[in-house]
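Below is one structure; the comments refer to it alone.
Bear in mind these aren't lab numbers, they're just calculated from the coordinates by the rules spelled out. Everything quoted here is computed from the prediction, not taken from an experiment. Cβ atoms come from the backbone with ideal geometry, glycine included; neighbour counts cover every protein chain shown.
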Amino acid sequence: MQVPQHSLPMQEKVVYNSLSKLIIVRYNIKKTKPMTQEELVKLQVAKTVDARGTACPGPLLEAKKAIGTIKTGDIMEVLSADEGTKVDIPKWCTKQGHEYLGTVEESGYYKIYLRKN
């Protein structure tokens, strides 16, 4: 059996179904050119999560909760004063198959943008 070649890098995610059988889900990771600061601030945001009053892991937990409330393809903006969020959100996006779009640094906090996939 010949395995098809994919032009996009593959990501594997290990999950268990309801019968506790191991399933490996493979999906493509879309590599995109980083957006500029100007492009990021002009995005049409479907949901803003204001987590500026929380410390790690609060902003990530708020983002995880909020991602379920938006549609696939929608953009979410996470506001956070916690510097670790700049690393946590992009890693989480990669693990979950969402698209990290970029971060804008404001006075005392960060605006982090992602697209739900």
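If you average the sequence gap of Cα pairs under 8 Å that are 6 or more apart and divide by the length of region 32-115, what percent do you get for the contact order?
Here the relative contact order equals 33 percent.
What length, rounded to one decimal in nm, is gained on full extension from Thr54 through to Glu39, with 0.36 nm per residue of separation minus their alpha-carbon distance?
Length difference between fully extended and current span is 2.7 nm.
For region 110-117, take each phi angle, set θ = phi - 60°, evaluate the Karplus expression 6.51 cos²θ - 1.76 cosθ + 1.60, and give the result in whole Hz per residue in order, putting x for glycine and proline.
10, 10, 10, 10, 8, 10, 6, 10
Let me know the shape class of region 32-115, please: from the alpha-carbon gyration tensor, a ≥ b ≥ c as square roots of the eigenvalues, rounded when a/c is under 1.5, otherwise prolate if a/b is greater than b/c, or oblate.
Since a/c stays below 1.5, the shape of region 32-115 is classed as rounded.
If we count other beta carbons within 10 Å of each Cβ, what is the order of Thr72, Thr103, fewest first?
Ordered from fewest to most neighbouring Cβ atoms within 10 Å, Thr72, Thr103 come out as Thr72, Thr103.
Mind listing the phi-derived Karplus ³J(HN,Hα) values for region 37-46, rounded to whole Hz, using 6.51, -1.76 and 1.60 with θ = phi - 60°, and x for any glycine or proline?
4, 5, 5, 4, 6, 8, 5, 7, 8, 7
For region 32-115, with only Lys/Arg (+1) and Asp/Glu (-1) charged at the beta-carbon, what is the dipole magnitude about the Cα centre, in debye rounded to 20?
340
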